[in-house]
Amino acid sequence: MNSTVVRALLARGMLAGLGAGVLAFVFAYLVGEGPVDAAIAFEESGSHEHGEELVSRSVQSTAGLATGVLVFGVAIGGIMALAFCFALGRIGRFGARATAALAALGGFLTVYLVPTLKYPANPPAVGDPDTIDQRTVLFVLMIALSVLLGTGAVLLGRRMAPAWGNWNASTAAGVAFVAAVAVAMVVLPAGDNTPKGFPATDLWEFRLASLGVQAVLWAALGLLFGYLAERVLEPRPVQNEVSPLVV
């Protein structure tokens, strides 16, 4: 794959990420803002000191949320496009759309789902503010480990496939990935506990909303980028139209 094609796919990956980010923002605004407001209300009910807001809540829930989701979508779209360029033709005889779908699924699992099983998303009022830097580092470390272990599992499956067959090699690589992730989760320290009295329903709804936002983002990214990548790699031949006046 030459550099011109890679640049074209990178641009389309970022464009697909932008479109996926718009859909994720709409979902986050409609579904996720309710649990956030409930968590903020709980936090304020237990505090007698109310500091001045640098950014209003209305701006946070609209422009702030949109900026964060869109920037994340564009960045992830570009990264996935590069991963797609590496994976195409190396993980099986899949076309552009199937490879994009598999890359998006792998990204969702390794970048979000696996790290979240260890360090689930928390709304405001959950977690000690003094440990936010430590918790951020641990979460990023869990993402890095998940991505590295996922990449290692794919390479392991490829190496084992000629001798074991695709199905057996994929199964063995998947089991090795799960086992390695389990060890990492046991070794890494636990996150902060939920404060006493915090409504379990609000916490559950917030985490479901977080899962939904990521699912919408990655699913839309896989579908949009697959369509755009197919048009780059498998362009349809241009048919010469014959004028009905020509005999």
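Summary table
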read-out	value
Summed side-chain charge close to Thr116 - residues other than Thr116 whose Cβ falls under 14 Å, Lys, Arg +1, Asp, Glu -1	+3
Using θ = phi - 60° and Karplus 6.51 cos²θ - 1.76 cosθ + 1.60, couplings along the range 5-11 (whole Hz; Gly, Pro as x)	5, 4, 5, 5, 5, 4, 4
Full-extension gain in nm, Asp37 to Val22, via 0.36 nm per residue minus C-alpha separation	3.3 nm
Helix-only [θ]222 nm of the chain, DSSP H runs n ≥ 4, -39500 (n - 2.57) each, per residue, nearest 500	-23500 deg cm²/dmol
Surface accessible to a 1.4 Å probe, per residue, for the residues of the range 23-118, Å²	56 Å²
Extension gain (nm, one decimal) between Arg159 and Ala98, 0.36 nm per residue minus Cα-Cα	19.8 nm
Where Asp133, Asp37 fall by accessible area, highest first, once all protein chains stay in place (1.4 Å)	Asp133, Asp37
Largest to smallest accessible area among Tyr112, Tyr227 [probe 1.4 Å]	Tyr227, Tyr112
Solvent-accessible area, 1.4 Å probe, carbon plus sulfur percent, for the chain	66 percent
In Å², nearest 10: area of Glu205 left accessible to a 1.4 Å probe	90 Å²
Cα shape, the range 65-188, gyration tensor, a/c 1.5 rule	oblate
Cα→Cβ-extended label distance, 7 Å offset, between Asp130 and Trp204, nm	3.3 nm
Global form of the range 132-244, assessed from the alpha-carbon gyration tensor, a/c cut-off 1.5	oblate
Karplus-derived 3J(HN,Hα), 6.51/-1.76/1.60, for each residue of the range 132-149, Hz, glycine and proline x	5, 5, 5, 5, 5, 4, 5, 5, 5, 4, 5, 5, 4, 4, 4, 5, 5, 5
Cα-based Rg / Dmax (Å) for the chain	22.1, 88
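The values are calculated or read from the model by the stated rules, or taken from the named source; none is laboratory data. Just so you know, these numbers come straight off a predicted model, no measurement behind them. Reconstructed Cβ throughout: ideal geometry from the backbone, glycine too, with neighbour counts over all protein chains shown. SASA here: full protein model, heavy atoms, side chains in, ligands and nucleic acids out. Shrake-Rupley method; radii C 1.70, N 1.55, O 1.52, S 1.80 Å.
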